[in-house]
Amino acid sequence: MDALGFISATGQSHDFADYRKSLDDKAPPLVVAAFKTRAEADHWLMTHPNPPHHANVLIGGVYHHVIYSRTDNRRYLPPTPIIEFYLEEMISGGLPEPVASFGTRKEADAWLDSQPEPPRQNFITIAGEYYLAVYHYKVNIRALYPISMAAKSEQRREQGEE
C-alpha cells in the first residue's frame, strides 16, 4: 500500500500504468534516458540532483545501469547485459516470422525510422539474420538488436557469471 501511495503522491500514476503496459506487451527493458556518448551520460549522472538508482539508460545504444549511493554520493554507469537476457527470453520458444525483411541495415533503419510510432518490439531480418526492432518510447529511440546477442547471455550462464 505504501508503494501505491508513493506512486500517487509523487504524480507517477501514468508512469506506473505505462510500466504495467510494457510488462503486458513483453516490451524490452525500460530506459529512462539515452545518450550518444559516455561523456554526455557521465555529465548527466554527475549533475543530476537525485539519479534514478537501478534504472537503465542507453549510451550509444548499449544498456547501462544507474548505480547511486545517497550515503556517500557515489555514482556509476556500468554496462548491463539486460538486453541479452531479454533477447534470450524472447526467442526461448523459437523465432517467430519476421514482420519485414531487408537486404541491408540501412534499409532496415529507414523502415524503422519511417514508423509513426512503431510497436515496442518486432522481429525483422537483415540479410537473413534476425533482429529485434525496438521502440524505446520513454526516450523516443528506435533500435535494432541482433538476436545473436542472446548467445552472450547463454555463455555468461555457462561460465557462472549470471
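Each reported figure results from applying straightforward, stated rules to the coordinates on display, with no laboratory input. Just so we're clear, the structure is a prediction, and the values are computed from it rather than from any experiment. Cβ coordinates were reconstructed from backbone atoms using ideal geometry, including for glycine residues, and neighbour counts include every protein chain displayed.
Taking the Cα centre of the range 10-162 as origin and assigning +1 to Lys and Arg Cβ atoms and -1 to Asp and Glu Cβ atoms, the resulting dipole is close to 440 debye. When the helices of the chain are scored as -39500 (n - 2.57) per DSSP H run of n ≥ 4 and the total is divided over every residue, the value at 222 nm lands at -10500 deg cm²/dmol. Relative to the longest principal axis of the Cα atoms of the chain, helix 105-114 runs at roughly 60 degrees.
Can you give the convex hull volume per residue for the Cα atoms of the range 57-122, as a whole number of Å³? Mind showing how you got there, number by number?
Details: hull volume 9.0 nm³, N = 66.
About 136 Å³ per residue, rounded to a whole number.
Normalising the average separation of contacting C-alpha pairs (under 8 angstrom, six or more residues apart) by the number of residues puts the relative contact order of the chain at 17 percent.
Subtracting the Cα-Cα distance of Ala39 and His65 from 0.36 nm times their residue separation leaves 7.8 nm of extension gain. May I ask for log10 I(q)/I(0) of the range 82-156 at q = 0.25 Å⁻¹, from a Debye sum over the Cα atoms as equal point scatterers with solvent left out? Relative scattering, expressed as log10 I(q)/I(0), comes to -1.21.
Beta bridges from DSSP with both residues in the range 82-156: antiparallel share about 80 percent, rounded to the nearest 5. The phi torsions of the range 2-10, fed into the Karplus equation with coefficients 6.51, -1.76 and 1.60 and a -60° offset, translate into couplings of 4, 5, 5, x, 4, 4, 5, 5, 9 Hz, rounded to whole numbers, with Gly and Pro shown as x. Along the range 98-103 the Karplus relation, 6.51 cos²θ - 1.76 cosθ + 1.60 evaluated at θ = phi - 60°, assigns HN-Hα couplings of x, 7, 7, 10, 9, x Hz to successive residues, with x for each Gly and Pro. The range 32-54 and the range 100-144 have Cα centres spaced 25 Å apart. Counting 0.36 nm for each residue step from Arg75 to Val99 and taking away their Cα separation leaves a gain of 4.6 nm. Proximity of backbone amide H atoms, modeled 1.01 Å from N, is registered between Ala100 and Thr125 at under 5 Å, excluding neighbours fewer than 5 places apart on the same chain. When the charge dipole of the range 82-156 is built from unit charges on Cβ atoms (+1 for Lys and Arg, -1 for Asp and Glu) and taken about the Cα centre, the candidate among Ile83, Tyr130, Ala151 whose Cα reaches farthest toward its positive end is Ile83. Compute the Rg/Rh shape ratio of the chain: radius of gyration over Kirkwood radius, all on alpha-carbon atoms. Rg/Rh for the chain comes to 0.99.
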